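Novice: Got a structure for you, questions after.
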Amino acid sequence: MKIQEIWPGPMEGIGRNGFIRAATGLRLVERWMTPFIRVTGSVPAAGKLFRMVEEYLSGVVPVTIQIMGNDPEALGECAAKLLAFPHVEGINLNCGCPSLRVVRHHSGGGMLRHPEKLAEFCRKIAVFLPPEKLSVKVRSGFENPDDMEIFLPELSESGVISKIFFHYRTVTEMYSSSPLPERVNRIARAVKLCGDVPVIANGDISSVSDGESLVAATGAAGIMIARPWMRDPFLLRRFHDNLTADEETGRQLFMVELRREGIRGGALIELAKMLWGSKSEHFRQIMAEEGY
């Protein structure tokens, strides 16, 4: 089954200091989703919002900006401002972040404590936006994956959600791994519950074969991959181009581009650690070159 959309997952703390420009310059991604902008209290001015996502808007690929919070009116106002920026094609509501701090403030994954309220929450945000501009990122439930039986049909039937990014784990499962059959079963069930609304599957996809077999088994419209493509920078391109750079060549090319964008010191070392691992000769060499 053809994978319609390949998404890089938002990675908090990585998309800065030239990283986005380097990845865009090498055409490593077809689209971006930003890390979430947390909206609490008053809505930031347009200028401040622009500075938060400026690097993502510096290229030519379409951008979806992720927002998070518990006030639908404030989120809607913020989303409308963000949608006016160049290259922004959509807004994504994060209802899956499992951070304890986030959950305590009843946002992110905390929204799934009351799955019956999620669709109406999204409707209140969508009032501020043109049609087909709001997507949502969810997990299978807060503690119980059966919760998806409640909120996924309601979201898909709400008429305001353009696509659903679905992470198969529950919020309380955090980042633990589940057996492959359980992962496939949850995603396949989510696809069925979402009806005509496309589902982008997320979680434990680290290779082209992983993504292709998952889509074939579940009927998902697309996949989202976060940190695995930091170990294989050309991974997302490889889904459509078998002749693209191999893993090691890709790492070397990306490192050259990162340096060209002016990334140095601790930021470069952290990226090198993600690319090669802390025990590799390449990592030790870059540490020495950066004076560490």
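Novice: Looking at this structure, is Val197 over 15 Å from Ile14 (Cβ atoms), in a helix (DSSP H, G or I) and modelled with pLDDT of 95 or more?
Specialist: Spelling it out, it is not the case that Val197 is over 15 Å from Ile14 (Cβ atoms), in a helix (DSSP H, G or I) and modelled with pLDDT of 95 or more.
Novice: Tell me the residue from Ala272, Ala267 that is of a type in the set (A, V, I, L, M, F, W, C), surrounded by fewer than 20 Cβ atoms within 10 Å (Cβ to Cβ) and more than 20 Å from Glu212 (Cβ to Cβ), please.
Specialist: Details: Ala272 fails: surrounded by fewer than 20 Cβ atoms within 10 Å (Cβ to Cβ).
Matching residue, one of Ala272, Ala267: Ala267.
Novice: Say whether the condition of being of a type in the set (Val, Ile, Thr) and more than 23 Å from Pro8 (Cβ to Cβ) is met by at least one residue in segment 101-121.
Specialist: Yes: one or more hits.
Novice: In segment 1-31, how many are modelled with pLDDT of 95 or more and of a type in the set (Phe, Trp, Tyr)?
Specialist: 1
Novice: Evaluate the following for Val88: is it surrounded by 15 or more Cβ atoms within 10 Å (Cβ to Cβ) and at pLDDT 95 or above?
Specialist: Numbers: surrounded by 15 or more Cβ atoms within 10 Å (Cβ to Cβ): yes; at pLDDT 95 or above: yes.
Here the answer is yes, as Val88 does meet what is asked.
Novice: I need the full set of residues from segment 215-235 which are among the hydrophobic types (A, V, I, L, M, F, W, C) and modelled with pLDDT of 95 or more, in order please.
Specialist: Pass one, segment 215-235, residues among the hydrophobic types (A, V, I, L, M, F, W, C): 215-217, 220-221, 223-226, 229-230, 234-235.
Within segment 215-235, Val215, Ala216, Ala217, Ala220, Ala221, Ile223, Met224, Ile225, Phe234, Leu235 meet the criteria.
Novice: Just to be sure I understand, how many residues within segment 10-27 are β-branched (Val, Ile, Thr), under 26 Å from Val138 (Cβ atoms) and without any contact (Cβ under 8 Å) to a residue 60 or more places away in the chain?
Specialist: First, pick out the residues of segment 10-27 that are β-branched (Val, Ile, Thr): 14, 20, 24.
Filter once more, keeping what is under 26 Å from Val138 (Cβ atoms): 14, 20.
Narrowing the set further to residues that are without any contact (Cβ under 8 Å) to a residue 60 or more places away in the chain leaves 20.
Count: 1.
Novice: Another question, then. Asp204: modelled with pLDDT under 90, within 30 Å of Leu134 (Cβ to Cβ) and part of a loop (DSSP other than H, G, I, E, B), yes or no?
Specialist: yes
Novice: Touching a residue at least 24 places away in the same chain (Cβ under 8 Å) and either in contact with a helix residue (DSSP H, G or I) (Cβ under 6 Å, 6 or more places away or on another chain) or in a loop (DSSP other than H, G, I, E, B) (or both) - does that describe any residue in segment 246-254?
Specialist: Among the residues of segment 246-254, at least one is touching a residue at least 24 places away in the same chain (Cβ under 8 Å) and either in contact with a helix residue (DSSP H, G or I) (Cβ under 6 Å, 6 or more places away or on another chain) or in a loop (DSSP other than H, G, I, E, B) (or both), which makes the answer yes.
Novice: Next up: Which condition does Glu30 not pass, out of (1) of a type outside the set (Gly, Ala, Ser); (2) in contact (Cβ under 8 Å) with a residue 60 or more places away in the chain; (3) closer than 21 Å to Phe166 by Cβ; (4) in contact with a Ser or Thr (Cβ under 8 Å, 6 or more places away or on another chain), if it passes all the others?
Specialist: (4)
Novice: In segment 49-69, which residues are β-branched (Val, Ile, Thr) and not in a strand (DSSP E or B)?
Specialist: Val53, Val60, Val61 - these are the residues of segment 49-69 that are β-branched (Val, Ile, Thr) and not in a strand (DSSP E or B).
Novice: Ok, one more. Can you pull out every residue in segment 1-48 that is over 19 Å from the mean Cα position of the chain (by Cα), closer than 20 Å to Glu77 by Cβ and among the hydrophobic types (A, V, I, L, M, F, W, C)?
Specialist: Result: Val43, Ala45, Ala46.
The values are calculated or read from the model by the stated rules, or taken from the named source; none is laboratory data. Since this is a predicted model, take the numbers as computed values, not measurements. Positions of Cβ are generated from backbone atoms using ideal geometry, with glycine treated the same way; all protein chains shown enter the neighbour counts.
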